[in-house]
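Peer 1: My questions will all concern the structure given below.
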């Protein structure tokens, strides 16, 4: 799909119970993340449904209600205007059509509306996360820090930031 | 007090209900942290007492059961051996007697025993946090990252690390 072929989508900010598994499935579909990471991504939806946490979401759904992509974000505690983008994921079947940029644009708008000044994102420095880093750079993030051996030996944490 | 004058202390790893307020009081006593930060420090004790979170603690108590200092730490999710030192605080009345180093030594030992390889700590880059940064440096931490304007404009986040 080229970027002029974004299919018709329904946008939603409130999670539904079926999103817990749908999120795990699209995180898994990218081929980048571990089973634990996919589980955690679903947990953030579940915790928001439960009311134990209060993450913000943007869901893009196809006309037949399939999850095409989503973002999960929230203000970082003790900061005035810094937000963490915990997840931004596009289903593997939708890669390359500009959906990631559209989700990011809507995320930035909501963060700005809430007085946000910067969005942070963290990922791994490992070779097999190259597509994840490239995705953040494509979305306008720049590297703010590199913490060697953070996740485990030879697995750095890269902190990205996008100032709004 | 000089470093050879550490008073007799009782060491404890389990929080007691009275620690919620005692922690807020000693965080406040340092004169470095905001009221919100002191409240949050106490919340971490409360959440562990409630069982909603599972932070690790080291408490140093005087013979008359007053809280002299403490550390609050935990493994960072999705990491193999990285730990966050959320708080390490010595009551203002006990500053300069080596208690901070003793709390840190015991924290490192417990982190090592659990297979930890590094301890991270975060603080502000603001001028009025200079004593906090100096304290971390005194405890053997080195600066790993500096995120400008993180907490608010002209208030950077400094990430410290101590490799074990």
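The values are calculated or read from the model by the stated rules, or taken from the named source; none is laboratory data. No experiment lies behind these values; they were computed from the predicted model shown. Counting neighbours? That spans all protein chains shown, and the Cβs are built from the backbone with ideal geometry, glycine included.
Peer 1: Tell me, please, whether a residue that is within 14 Å of chain A (Cβ to nearest Cβ), assigned to a helix (DSSP H, G or I), buried (at least 19 other Cβ atoms within 10 Å of the Cβ) and in contact (Cβ under 8 Å) with a residue 12 or more places away in the chain can be found in the range B:27-34.
Peer 2: Within the range B:27-34, one or more residues are within 14 Å of chain A (Cβ to nearest Cβ), assigned to a helix (DSSP H, G or I), buried (at least 19 other Cβ atoms within 10 Å of the Cβ) and in contact (Cβ under 8 Å) with a residue 12 or more places away in the chain.
Peer 1: Could you tell me which numbered condition residue A:96 fails, if it satisfies all but one of (1) on the phi > 0 side of the Ramachandran plot; (2) assigned to a strand (DSSP E or B)?
Peer 2: Residue A:96 satisfies all of (1) on the phi > 0 side of the Ramachandran plot; (2) assigned to a strand (DSSP E or B) except (2).
Peer 1: A follow-up question, please. Is it true that residue B:136 is within 23 Å of residue A:81 (Cα to Cα), in contact with a strand residue (DSSP E or B) (Cβ under 7 Å, 6 or more places away or on another chain) and outside any strand (DSSP E or B)?
Peer 2: So residue B:136 fails the test.
Peer 1: Let me ask you something else. Here are the criteria: (1) in contact with a helix residue (DSSP H, G or I) (Cβ under 6 Å, 6 or more places away or on another chain); (2) surrounded by fewer than 20 Cβ atoms within 10 Å (Cβ to Cβ); (3) closer than 15 Å to residue A:33 by Cβ. Tell me which single one residue A:129 does not satisfy.
Peer 2: Checking residue A:129 against (1) in contact with a helix residue (DSSP H, G or I) (Cβ under 6 Å, 6 or more places away or on another chain); (2) surrounded by fewer than 20 Cβ atoms within 10 Å (Cβ to Cβ); (3) closer than 15 Å to residue A:33 by Cβ, the one that fails is (1).
Peer 1: Is it fair to say residue B:24 is at pLDDT 95 or above and within 14 Å of chain A (Cβ to nearest Cβ)?
Peer 2: no
Peer 1: Among the residues of the range A:94-116, which ones are surrounded by fewer than 17 Cβ atoms within 10 Å (Cβ to Cβ) and within 14 Å of chain B (Cβ to nearest Cβ)?
Peer 2: A:115
Peer 1: Continuing with this model, one more query. Looking only at the range A:75-93, which residues are at pLDDT 95 or above, farther than 22 Å from residue A:29 by Cα, surrounded by fewer than 22 Cβ atoms within 10 Å (Cβ to Cβ) and touching a helix residue (DSSP H, G or I) at 6+ places or on another chain (Cβ under 9 Å)?
Peer 2: Once the filter is applied, which keeps residues that are at pLDDT 95 or above, farther than 22 Å from residue A:29 by Cα, surrounded by fewer than 22 Cβ atoms within 10 Å (Cβ to Cβ) and touching a helix residue (DSSP H, G or I) at 6+ places or on another chain (Cβ under 9 Å), the range A:75-93 yields A:75, A:81.
Peer 1: Follow-up. Filter the range B:143-164 down to residues that are more than 10 Å from chain A (Cβ to nearest Cβ) and out of contact with any helix residue (DSSP H, G or I) (no Cβ under 9 Å at 6 or more places or on another chain) and give me whichever is nearest to residue A:150 (Cα to Cα).
Peer 2: Result: B:156.
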